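Notes follow once the structure below has been shown.
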Amino acid sequence: MTVSQLDSLHASPHATAPAPLADEVVLELRQATKKYGGVPAVDGVNFDLRRGEIHALLGENGAGKSTLTKIMAGVVALSDGQMLVEGREVQLKTPLEARDAGIAMVFQETSLVPTMTVAQNLFLGQEQFFNRLRGVYISAQQFLQSLNFDVDPTATVSLLGAAKKQMVEIARAVLHQARIIIFDEPTASLTPEEKKYFFDLMLNLKARGVSVIFISHALEEALLLADRITVLRDGQHVVTDLKQNFDRARIIQAMVGRDLSQTLYGQRKTHVRAQGDCVLSVRNLRMASMVKNNSLSVFAGQVTGVFGLVGAGRTETFKVVAGLIKRDFFHGGEVLLRGRPVRYRVARQAVADGIAYITEDRKVEGFFETMSITQNIYMGWLGKLGSMFGLLDPGRAARMGEHWSQLLNVRAISRDVKVIELSGGNQQKVVIAKSLVQDPDVIIFDEPTRGVDVGAITEIHAEINRLADAGKAVVVISSYLPEVMALSDRILVAKQGKVVVEFSAEQASQEAIMYAAIH
C-alpha cells in the first residue's frame with residue numbers, strides 16, 4: 001500500500017464517504033442455526049446490521065455471541081438459515097471469502113503470525129511483487145500513528161504484550177478497508193488511555209459508513225458507544241433495541257433472565273472479616289525494574305485486594321511468591337510463608353507448600369487446551385501430588401472432574417469436552433477448579449473475571465468469598481476498582497513496583513484508592 005493510498009484511507013470521513021442511510025441493512029441473518037454434535041450453539045437467531053452503525057452484541061459466556069460472529073466472518077458455516085450481505089444471499093466458507101465480501105473480524109485470540117514483524121502482519125496478503133522493506137515499515141508506521149497506536153512496526157509479534165497484539169489486529173482490519181468490522185472483546189487487554197483511542201477509532205469508522213459489531217462484557221461500553229444493542233441467551237435471540245432504551249439493569253435481566261443489579265458488584269462493604277494468622281509476608285522484594293522494595297502481608301480468613309495501574313508490579317510480585325519468576329538474587333528481599341523464609345526455583349514447590357496462583361492469561365498459562373475438563377482438573381491434582389501414578393486411575397479423575405464442575409457450575413455438553421471449546425467464563429471456572437483441587441491455603445486470583453460475563457462474575461465472586469469464609473488466605477489482583485471494593489477486606493494500592501498505601505474496606509473510597517494509585 002502506497003503513502004497516497006494511506007492518505008486516502010485517513011482523509012476526512014465526511015469528504016470521502018456519503019452520509020450513511022440509517023435503515024440500510026448491510027448484513028442480515030435469518031433463522032441462523034449452528035449445531036455441534038446435534039446441540040445448537042445458535043438456535044434460530046434473526047439479526048440485522050445497518051450501514052454506519054455500531055451494534056453491540058451482549059450475552060453470558062456460552063450465549064452464542066462468538067459463534068454468531070464467526071458465522072458472519074466465514075469461520076464456521078451455518079447448519080440452517082440464511083445470511084445476506086447487502087441483500088444478496090451468501091455462503092461464506094472461509095475468512096478470506098468473508099474479507100472479499102467486505103467483512104473483517106478481530107478475534108479475542110489474536111490470529112497474527114508470531115514470527116513476523118508488525119508491518120509484515122499488517123500487509124500480509126497485500127504484498128506487491130517487489131517490496132522494499134524500508135518502505136513497508138514507513139507505511140506501517142504512518143498508518144499506526146494515524147490510529148494513535150504506539151506500536152513499533154519493526155517489532156516481532158511474539159515479543160509484544162497482549163494489548164499491543166490487539167492493536168495490530170485492529171489496525172489490520174481497518175487497513176483492509178472492510179465495510180463491516182467485527183470486534184470480539186476488543187478492549188479486554190487495553191489500558192484506559194488505549195481504550196479512549198479505540199473508542200475514537202470506532203466513532204471514526206462509523207462516520208465513514210463502516211458498520212461495526214462488537215462483543216463486550218463491559219456493559220458500560222455498550223451503553224456508551226452502541227447505536228443498537230442485541231442480547232442473546234442460551235443461543236437464542238432475546239431482544240434488540242436502541243441504546244437509549246436500555247440501562248444496565250435491563251441488559252443484565254435480558255442476559256441472565258434474573259435481576260443481578262444489586263449483587264453483581266454489591267453495595268458498599270459493611271462487614272469486614274477479622275484477620276487470622278499472617279500466612280504470607282513479603283519484605284523488600286525486588287525483581288528487575290518491575291518490583292522495587294515491595295512489602296506486604298496476607299492474612300488467613302480475609303480477601304486482600306491489590307489494585308494498581310499498568311506497570312505497578314502487582315502481578316510480578318505474586319508470580320515471585322508462586323515460584324513462576326525469580327526475584328533478584330542479591331538484595332532480592334524475603335518471602336515468608338507462615339514465618340518461614342522460602343525461595344522457590346519452580347512453581348511445583350510453591351504448590352506443594354499450599355500456594356495457588358490463578359493466572360490472568362488463561363489461554364496461554366491457564367489450561368491444557370487439547371485436554372478435557374476432567375483431564376485438566378485432574379492434572380491440577382497431580383501437580384499437588386507430585387506423582388504421575390494417578391494417571392492410572394480414570395475413576396478418580398472422573399469423580400474429581402464431576403465434583404468440581406458441579407461446584408463451580410461449569411456448563412458444557414459433557415465433562416469430556418476439550419476446554420478450548422468452552423466459552424471464556426467456563427474456561428475460567430476450569431482454571432480455578434484446577435487450582436482449588438489442590439486444596440491450597442493461599443489462593444492468588446489475578447484478574448479473576450477478565451473477559452467473563454455477568455452471570456459467571458457472581459459465581460466466581462461467591463467462590464472467592466466462600467474460600468475466605470473457610471479460613472483461606474485469598475488475594476485478588478484486579479484493575480477494576482468496583483470489583484476490588486466489592487470483594488476485599490483489606491485493599492493494598494501498588495504504584496511503581498511497590499505497595500504505597502493500605503485501606504480497610506470500611507475506610508476505602510474509590511476516589512482515595514485512585515488518588516493513591518496515581519499520585
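The values are calculated or read from the model by the stated rules, or taken from the named source; none is laboratory data. Only a predicted model underlies this, so the values are computations on that prediction, with no experimental measurement involved. With ideal geometry, Cβ positions are generated from the backbone for all residues, glycine too; neighbour counts draw on all protein chains shown.
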What pairs come out if I take residues in the stretch 499-519 that are more than 13 Å from L481 (Cα to Cα) and pair them with residues that are at pLDDT below 85 and surrounded by 14 or more Cβ atoms within 10 Å (Cβ to Cβ) whose C-beta lies under 8 Å away, six or more apart or interchain? E506/K269; I518/L309
Looking at the stretch 280-294, is at least one residue at pLDDT 95 or above, in a strand (DSSP E or B) and out of contact with any Ser or Thr (no Cβ under 8 Å at 6 or more places or on another chain)? no
Pairs under 8 Å by beta carbon, first residue more than 10 Å from G425 (Cβ to Cβ) in the stretch 59-72, partner surrounded by 23 or more Cβ atoms within 10 Å (Cβ to Cβ) and among the basic types (K, R), six or more apart or different chains? G59/K65
Here's a check for you: in the stretch 23-46, which residue that is over 26 Å from the mean Cα position of the chain (by Cα) and among the acidic types (D, E) is modelled with the lowest pLDDT? D23
Collect the residues in the stretch 442-477 that are under 23 Å from L337 (Cα atoms), of a type in the set (G, A, S) and in a loop (DSSP other than H, G, I, E, B), keeping them in residue-number order. A470, G471
Which of the residues that make up the stretch 270-299 are under 20 Å from S504 (Cβ atoms), small (G, A, S) and touching a helix residue (DSSP H, G or I) at 6+ places or on another chain (Cβ under 9 Å)? none
Restricted to the stretch 48-69, and to residues that are farther than 13 Å from V454 by Cβ and of a type in the set (D, E), which residue is farthest from the chain's Cα centre (by Cα)? D48
Checking the condition exposed (fewer than 15 other Cβ atoms within 10 Å of the Cβ), closer than 27 Å to A207 by Cα and assigned by TED's automatic domain parsing to the domain that holds S216, which residue from D80, D100 passes? D100
Looking at the stretch 416-424, can you tell me whether even one residue there is within 25 Å of S297 (Cα to Cα) and in contact with a strand residue (DSSP E or B) (Cβ under 7 Å, 6 or more places away or on another chain)? no
Do any helices (runs of 4 or more DSSP H) entirely within the stretch 366-441 hold 3 or more residues that are under 19 Å from A322 (Cβ atoms) and within 26 Å of the chain's Cα centre (by Cα), and if so, which? 373-385, 424-436
Can you find a residue in the stretch 308-315 that is of a type in the set (K, R), in a loop (DSSP other than H, G, I, E, B) and under 27 Å from G383 (Cα atoms)? no
Taking the stated definitions as given, is Y357 buried (at least 22 other Cβ atoms within 10 Å of the Cβ) and not in a helix (DSSP H, G or I)? yes
Anything in the stretch 344-363 that is touching a residue at least 60 places away in the same chain (Cβ under 8 Å) and not small (G, A, S)? List them, or say none. V351, I355, Y357, I358, T359, E360, D361, R362, K363
